[in-house]
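Scroll down for the structure; my scribbles are underneath it.
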Number of protein chains: 2
Amino acid sequence: MPVAVDAMGGDHGHSVVVEGAVLAAREFGIEAILVGREEVIAPFLSKFDYNKDLISIKHATQVVSMEDAPSDAVRKKKDSSIKAAFELVRDRAASSVVSAGNSGATMAEALFTLGRIKGVRPAIATIMPTLKDPVLMIDVGANVDCKPSHLYQFAIMGDVFVREHLKRESPAIGLLSIGEEDTKGNLQVKQAYDMIAGSNLNFIGNVEGRDVFKGDVDVVVCDGFVGNICLKLSEGLAESIIHMLRQEIEGSLMASMGYALTKKAFKRFKKKIDYAEYGGAPLLGIKGIAIICHGRSTARAIKNAIKVANDLAGLRLNEKLEQGLYMANG
Amino acid sequence: MPVAVDAMGGDHGHSVVVEGAVLAAREFGIEAILVGREEVIAPFLSKFDYNKDLISIKHATQVVSMEDAPSDAVRKKKDSSIKAAFELVRDRAASSVVSAGNSGATMAEALFTLGRIKGVRPAIATIMPTLKDPVLMIDVGANVDCKPSHLYQFAIMGDVFVREHLKRESPAIGLLSIGEEDTKGNLQVKQAYDMIAGSNLNFIGNVEGRDVFKGDVDVVVCDGFVGNICLKLSEGLAESIIHMLRQEIEGSLMASMGYALTKKAFKRFKKKIDYAEYGGAPLLGIKGIAIICHGRSTARAIKNAIKVANDLAGLRLNEKLEQGLYMANG
C-alpha cells in the first residue's frame with residue numbers, strides 16, 4: 001500500500017516533499033500518494049523522471065499553515081492536505097502518513113481521524129545519534145503535562161519500537177532524571193520509576209542528561225515538555241559547537257590549512273548527527289502509522305521518512321504496540 | 001574578609017582545592033580559609049609557595065561524602081567541613097563559601113546554618129557559553145518540583161545576578177519552553193509566563209532549547225529538574241561531539257595531518273566551553289554567598305570560584321537580591 005505524503009507542509013513547501021517522494025520511489029521502489037493542491041504538485045512532479053506507477057496525487061484544496069492552531073485546523077480546514085492524508089489511511093487506501101507540516105495539527109488530525117489506541121497517550125519518539133548506536137527518546141513534544149502512567153506507556157511503546165524497528169533484543173530502558181538513584185527526580189519521575197521497575201521491561205533505572213549520548217541506553221523516557229526542550233537544545237548546541245569551532249579555526253592561518261584537510265571528516269561527522277538520516281519522528285499510540293518530519297526537512301529527510309513509514313507499516317508496528325500495551329495493563 | 005573553602009569536597013579530594021586557594025591568593029590576592037582536616041591540609045599546603053597571610057586552616061574533623069544523604073549530613077555530621085565553612089560565614093569570619101563537595105549537602109547546610117531570604121526558594125544558577133556572551137541558566141538543580149511563583153523568583157534573582165556580576169544593563173529574561181508563543185508550554189510555565197510578563201523585568205517571552213546557545217538571551221529561567229537535565233545533557237553532548245569529531249579525523253591520514261594544524265583551535269574552543277572558566281554555580285536566595293563547584297573541578301575551577309565568591313561578597317549581592325525580591329513582591 002502507498003504512503004500518504006502531505007505535500008503542502010514544511011518550511012520549503014511542496015518542492016522538497018515531491019522530490020523526497022521521487023527519491024523514495026527511485027531508491028526503494030516505495031509507492032506514495034502526494035496529497036495537496038494538484039495544480040501545484042502536478043507541474044512540479046512532471047519535471048522528474050520516475051516510475052509513474054509509484055506516485056499519484058490526491059487533490060486537497062486547503063493548506064494548514066505553521067501558524068494555524070491545531071484545533072482550528074481540525075475544525076475549520078475540512079479539506080486540508082493533512083486531513084486528506086489521514087483519511088486515506090482511515091479508508092485503507094494508504095498504509096501511513098508522512099508530514100513535515102504543522103506538527104500540532106498533524107497530531108490533532110491523527111487523533112481526530114484515526115483515533116488512539118485505547119487508554120493511551122500518543123507520544124512522539126525521535127532517534128538521536130550517540131557515541132554507539134542511536135537512542136530513541138520518547139516523548140519529545142506530544143504531551144506537555146504527563147502523569148507517571150503516561151511515562152510508563154512511553155516506556156512500553158519505546159521498547160516495542162526499538163525491538164521491531166531497530167531490531168534490538170531486550171532494549172535497555174532509561175528514565176530521564178537528575179541522578180541515577182531511584183530517590184532522584186521530581187514527583188512524576190519517582191512515581192513512574194516504580195511503575196516501570198515493576199514491569200517486565202529491561203529497565204536500567206534513571207539516566208542523566210549526560211548519559212543520553214553515551215549510547216548505553218536504547219530508550220530514554222521523558223515527558224514531552226522535557227523531551228522537546230532536550231531535542232531542541234541538542235540541535236542548537238550541536239550547531240553552535242560546530243560554529244564556534246569554525247570561528248576558532250578561521251582565526252588562524254595554520255588552522256585554516258588544517259581545516260581544508262579535516263573537511264571530509266567534518267562532513268562525515270555532520271552526516272552522522274544529521275536528523276535527516278533518521279527520517280522524522282514516529283507518532284506512536286495512534287491507530288495507524290504517522291511520521292512527523294522536521295519543518296526544515298530536506299528531500300533526503302522526506303525520502304528517509306517515507307522509507308520508515310513504509311517499513312513500520314510492513315512490520316505491523318501498530319498491532320505490536322497494541323499487544324505490548326495490552327499485556328502491560330494486564 | 002576571607003572566603004571559606006571546603007577543602008574536603010570534590011572528586012579529586014583536598015589536593016585541587018588547596019591548590020585552587022593557593023592560585024587565588026597568588027593571582028588575585030584573595031584571602032581564603034581552608035576548612036577540613038588540618039592533618040591532611042597542612043602538609044599539602046606547606047608544599048606550595050604563597051603569601052602566608054592570605055591562607056589559613058580551620059580544622060573540622062568530619063567529611064561529607066558524595067554518597068551521604070543531605071539530611072543525614074546536616075543532622076549527623078556536626079563537625080563536617082561543609083558545616084564549619086557555613087558557620088564561618090554565619091559568625092562573620094568569612095564572606096562566602098566555596099564547595100566542590102556533595103551539592104545536596106552544601107545546599108542543606110546553607111539553608112540550615114544561614115537560612116533563606118524570606119519567602120524565597122533558593123536556586124542554583126550556572127553560566128554557560130553561547131555564540132555571543134555567556135548566558136545564566138537558573139535553576140539547574142535546587143528545586144525539582146517548582147510552582148510558577150518560584151520560576152518568577154528565579155527570574156528576579158537571575159536579573160539581579162546578571163546586572164550586578166556580569167554588568168549587563170536590563171538583562172533579557174527568557175522562560176524555557178517548547179515554543180515562542182505564550183500559549184506554548186506546560187501549565188507551570190504558562191502561569192509563570194503571566195507572572196513574569198506582569199513584572200518590570202525585561203522579559204522577552206518563551207525561549208526554546210535551541211535559543212539557549214545563540215546568545216540573544218541573558219537569563220534562561222527553568223525549574224531545577226529541567227535545568228539540571230539541560231546542563232548535564234549539554235555537557236554530555238559537547239563531550240560526545242568532540243569525541244565523534246576526533247574519531248572521524250583519526251580515521252583518515254589527511255585529516256590527521258589537518259588535526260595537527262587545528263589542534264590549537266580545538267584547545268581554544270575547549271577552553272571556551274569549559275565550565276572551569278566560569279568558576280562554579282552560585283546558590284542564590286540563601287542568606288549569604290555560596291558557590292557550588294562541579295565535583296570534577298580542577299584547581300583552576302576552584303581558583304575562579306573563589307574569585308567569583310569574593311566578587312559577589314564585595315558587590316553585596318545578597319542585599320541586592322533581597323531588594324529585588326522585596327520590590328517584586330510589592
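Please treat every number below as a calculation from the coordinates, not as lab data. The shown structure was predicted, so the numbers you read here are calculated from the model rather than taken from an experiment. Every residue, glycine as well, gets a Cβ built from its backbone with ideal geometry; the counts of neighbours run over all protein chains shown.
Using 0.36 nm per residue and subtracting the Cα-Cα separation, the extra length available between residue B:264 and residue B:216 on full extension is 14.5 nm. Residue ranges A:205-213, B:70-78, B:317-325 sort as A:205-213, B:317-325, B:70-78 when ordered by packing (mean number of other C-beta atoms within 10 Å per residue, highest first).
The convex hull defined by the C-alpha atoms of the range B:3-86 has an orientation-averaged projected area of 5.2 nm².
Approximating the spin labels as points 7 Å out from Cα along Cα→Cβ, the residue A:327-to-residue A:118 distance works out to 1.8 nm. Each DSSP beta bridge with both residues in chain B is either parallel or antiparallel, and the antiparallel ones are about 25%. The GluC sites (Glu not before Pro) of the range B:6-83 that DSSP puts in a loop, and whose beta carbon has at most 14 other beta carbons within 10 Å, are B:67.
First measure r as the distance between the Cβ atoms of residue A:39 and residue B:27, then evaluate 1/(1 + (r/R0)^6) with R0 = 60 Å and state the FRET efficiency to the nearest 0.05. Each step should come with its number before you reach the end.
Values: r = 71 Å, r/R0 = 1.19.
Efficiency, rounded to the nearest 0.05: 0.25.
Restricting attention to the protein assembly as shown, close to 25% of DSSP beta bridges with both partner residues there are antiparallel. Placing one equal scatterer on every Cα of the range B:76-211 and applying the Debye formula, the log10 ratio I(q)/I(0) at q = 0.16, 0.19, 0.21 Å⁻¹ is -0.91, -1.15, -1.29. Electrostatic tally near residue B:76: other residues with Cβ closer than 14 Å to its Cβ, Lys and Arg +1, Asp and Glu -1, net -1.
Using helices alone, I'd like the mean residue ellipticity at 222 nm for chain B: each DSSP H run of four-plus residues gives -39500 (n - 2.57), total over residue count, nearest 500.
Working: 11 runs with 150 residues, N = 330.
It comes out at -14500 deg cm²/dmol, rounded to the nearest 500.
Name the shape class, rounded, prolate or oblate, that the alpha-carbon gyration tensor gives for chain B, where a ≥ b ≥ c are the square roots of its eigenvalues, rounded holds for a/c under 1.5, and otherwise prolate holds if a/b is larger than b/c and oblate otherwise. Note, shape of chain B comes out oblate. Per the Kirkwood formula applied to alpha carbons, the protein assembly as shown shows a radius of gyration over Rh ratio, Rg over Rh, of 1.02. Counting Cβ atoms of other protein chains within 10 Å of each residue's Cβ and taking the mean over peptide A:244-255 gives 6. Per residue, the convex hull spanned by the Cα atoms of the range A:49-147 measures out at 180 cubic angstrom. Along each principal axis, taking the top coordinate minus the bottom one, the Cα set of the range A:121-277 gives 59, 31, 27 Å in descending order. Near residue B:181, once Lys and Arg are set to +1 and Asp and Glu to -1 for all other residues with Cβ below 13 Å from its Cβ, the sum equals -3. Shielding of peptide A:202-213 by partners, expressed as the average count of other chain Cβ atoms within 10 Å per residue Cβ, is 4. With the simple spin-label model, which puts each label point 7 Å out from Cα in the Cβ direction, the residue B:316 to residue A:182 separation comes to 5.1 nm. Once both labels are positioned 7 Å from their Cα atoms along Cα-to-Cβ, the gap between residue B:90 and residue A:53 label points is 8.4 nm.
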